[in-house]
Amino acid sequence: MPNETPRSARGDILDLERVRADFPILRERARGKRLAYLDNAATTQKPEAVLQALDDYYRRKNANVHRAAHELAERATAAYEGARDTIARYFGAEREQVVFTRGTTEGINLVAWSFLRPRLNPGDEILLTTMEHHSNIVPWQLAASEKGAKVVAAPVTDAGELDWKEWRARLSSRTKMIALGHVSNSLGTINPVEDVIAEARRRGIPVLIDGAQATAHLVVDFNALGADFYAVSAHKAYGPTGFGALLGKREHLEAMPPHLGGGDMIRTVSFEGSTWNDVPYKFEAGTPDMSGAVGFAAALHYIESLGRAAIATHEHGLLEYGTERLARIEGLRLVGTARHKGAILSFVMDRAHPQDIGSVLDMEGVAIRAGHHCTMPLMQRFGLSGTARASLAVYNGRDDIEQFVTALHKVVKLFS
Ligand SMILES: Cc1ncc(COP(=O)(O)O)c(C=O)c1O
């Protein structure tokens, strides 16, 4: 099946073969077959530009950052802080609003611990949705349980969309925080975050958006969006693992106490007490992950070099194609059919368990994910123990979908 050259509304062109050539791992074979990597919501593969940036950092720039007294430390600091500028620009934020973290999980925990916990009183509520990743549930539960507050979740419709009426019905004077995913990792649903933020602002309730699944696929302009916090992970956007950023409103970051103590986050230390560094450094205790920052910045440059409109057009076309192809497979049911959807195909099959589907596909070189996808409450909502999930990225093409569909026909045959 030939891969069509996608064209965006702006006329941007994505040359799929060239994109693929940028990702060395795609030349690997899996179980002796051509690799069709469709597990991008779990983690994306890394382009040469990111691999080279990591390599170059350690070969030419590595030293500890800040307070540089020698050239290598200057280079490392310039690379690290230059990465912060790139990341800030990509997300439409000021550099002081970018706190480096280990990823989305740490960003949400930081907000739950430092921002929300001191404001919570018994009886207060944190409003989530049923489709949240465990990372956007458990940190709030930890803060709530300590203060006698509770987590409340708004339901999703059968299509996997946020039930807006029910969400609004759960807002009250008790609501002290709203948190939701920009894009659901299990369903692909793109949530109406602009509407959520507008409603929250009318009521003066802070909002955190979990942007783990949005970074590589949607344009995020943090300050224009108006959320209070936005958490992201580099590895879901072609960057290195174990690195991410929390974007926050400056006044919140200034007011929040640090969550970790140590080097670099202080201005002064004495045994009588310590004072804190400026934001964002107040939240970056210890030697940071310099190569992570450099790798993330390289990944964002890479995304921009392809053109975000071209990527979106490509992935949307592939999603439509995949949806159509899956609809024709006997006994297969898509889970998550929202009108606004990212490139995620979650599904169940009549006779085969998701793990069995995953195993059969693996033998055909097709990498998908099977299970609850860290969204147990959502699985419960749909009466499922899990789904099989194919998630697409910029380097996927119709040939990957065809390999996937052919392997699914094997599943049908094996389990009929
Ligand atoms: C929607 C969503 N939120 C949060 C996370 C957690 O991201 P990380 O493990 O990079 O912290 C994930 C990861 O799968 C996710 O998909």
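The values are calculated or read from the model by the stated rules, or taken from the named source; none is laboratory data. The shown structure was predicted, so the numbers you read here are calculated from the model rather than taken from an experiment. Positions of Cβ are generated from backbone atoms using ideal geometry, with glycine treated the same way; all protein chains shown enter the neighbour counts. Heavy atoms of the whole protein, side chains included, go into the accessibility calculation; ligands, DNA and RNA do not. Shrake-Rupley method; radii C 1.70, N 1.55, O 1.52, S 1.80 Å.
Where in segment 248-327 are there helices (runs of 4 or more DSSP H), lying fully within it, with 1 or more residues that are more than 25 Å from the chain's Cα centre (by Cα)? Don't jump to the end; show me each part of the working.
Details: elements: 250-255, 290-306, 308-327.
Answer list for segment 248-327: 250-255, 308-327.
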Just the residues that are farther than 15 Å from residue 228 by Cα and charged (D, E, K, R), please, taken from segment 88-118.
89, 95, 102, 106, 117
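Yes/no per residue for (1) of a type in the set (A, V, I, L, M, F, W, C); (2) without any contact (Cβ under 8 Å) to a residue 24 or more places away in the chain; (3) farther than 19 Å from residue 242 by Cα; (4) open to solvent by 10 Å² or more (accessible area, probe 1.4 Å):
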site: 26; (1), (2), (3), (4): yes, no, yes, yes
site: 42; (1), (2), (3), (4): yes, no, no, yes
site: 66; (1), (2), (3), (4): no, no, yes, yes
site: 112; (1), (2), (3), (4): yes, no, yes, no
Top-ranked residue in segment 126-158 [being open to solvent by less than 30 Å² (accessible area, probe 1.4 Å) and small (Gly, Ala, Ser); ranked as nearest to the ligand (Cβ to nearest atom)]
135
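Could you pull out the residue among 184, 173 that is on the phi < 0 side of the Ramachandran plot and in contact with an Asp or Glu (Cβ under 9 Å, 6 or more places away or on another chain)? Talk me through it step by step, then tell me what you get.
Numbers: 173 fails: in contact with an Asp or Glu (Cβ under 9 Å, 6 or more places away or on another chain).
Among 184, 173, only 184 is on the phi < 0 side of the Ramachandran plot and in contact with an Asp or Glu (Cβ under 9 Å, 6 or more places away or on another chain).
For residue 180, are the conditions met, namely being over 21 Å from the mean Cα position of the chain (by Cα) and either within 13 Å of the ligand (Cβ to nearest atom) or open to solvent by less than 20 Å² (accessible area, probe 1.4 Å) (or both)? Steps first, answer last, please.
Values: over 21 Å from the mean Cα position of the chain (by Cα): no; either within 13 Å of the ligand (Cβ to nearest atom) or open to solvent by less than 20 Å² (accessible area, probe 1.4 Å) (or both): yes.
So residue 180 does not fit the description; no.
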Subset tally (residues that are modelled with pLDDT of 95 or more, not charged (D, E, K, R) and not in a helix (DSSP H, G or I)) for segment 6-47:
14
Checked against (1) away from the ligand (no atom under 16 Å from the Cβ); (2) within 17 Å of the chain's Cα centre (by Cα), residue 194 satisfies every condition except (2)
Residue in segment 97-109 that is away from the ligand (no atom under 16 Å from the Cβ) and over 19 Å from residue 286 (Cβ atoms) present
yes
Report the residue count in segment 273-331 for those that are more than 19 Å from residue 402 (Cα to Cα), β-branched (Val, Ile, Thr) and without any contact (Cβ under 8 Å) to a residue 60 or more places away in the chain.
1
Any hit, segment 79-91, residues being among the polar types (S, T, N, Q) and assigned to a strand (DSSP E or B)
no
Do you know which residues across segment 210-224 are in contact with a strand residue (DSSP E or B) (Cβ under 6 Å, 6 or more places away or on another chain), more than 10 Å from the ligand (Cβ to nearest atom) and of a type in the set (A, V, I, L, M, F, W, C)?
222
Between a first residue in segment 343-358 that is farther than 27 Å from residue 395 by Cα and at pLDDT below 95 and a second residue that is of a type in the set (Ser, Thr, Tyr) and in a loop (DSSP other than H, G, I, E, B), which pairs have beta carbons less than 8 Å apart while being 6 or more apart in sequence or on different chains?
351/416
Out of 234, 212, 245, 200, I need the residue that is surrounded by fewer than 24 Cβ atoms within 10 Å (Cβ to Cβ) and among the hydrophobic types (A, V, I, L, M, F, W, C). Which one?
200
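Evaluate the following for residue 355: is it under 24 Å from residue 31 (Cα atoms) and not aromatic (Phe, Trp, Tyr)?
On the way: under 24 Å from residue 31 (Cα atoms): yes; not aromatic (Phe, Trp, Tyr): yes.
Yes.
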Using the structure shown, decide if residue 207 is more than 27 Å from residue 299 (Cβ to Cβ), open to solvent by less than 10 Å² (accessible area, probe 1.4 Å) and within 16 Å of the ligand (Cβ to nearest atom).
no
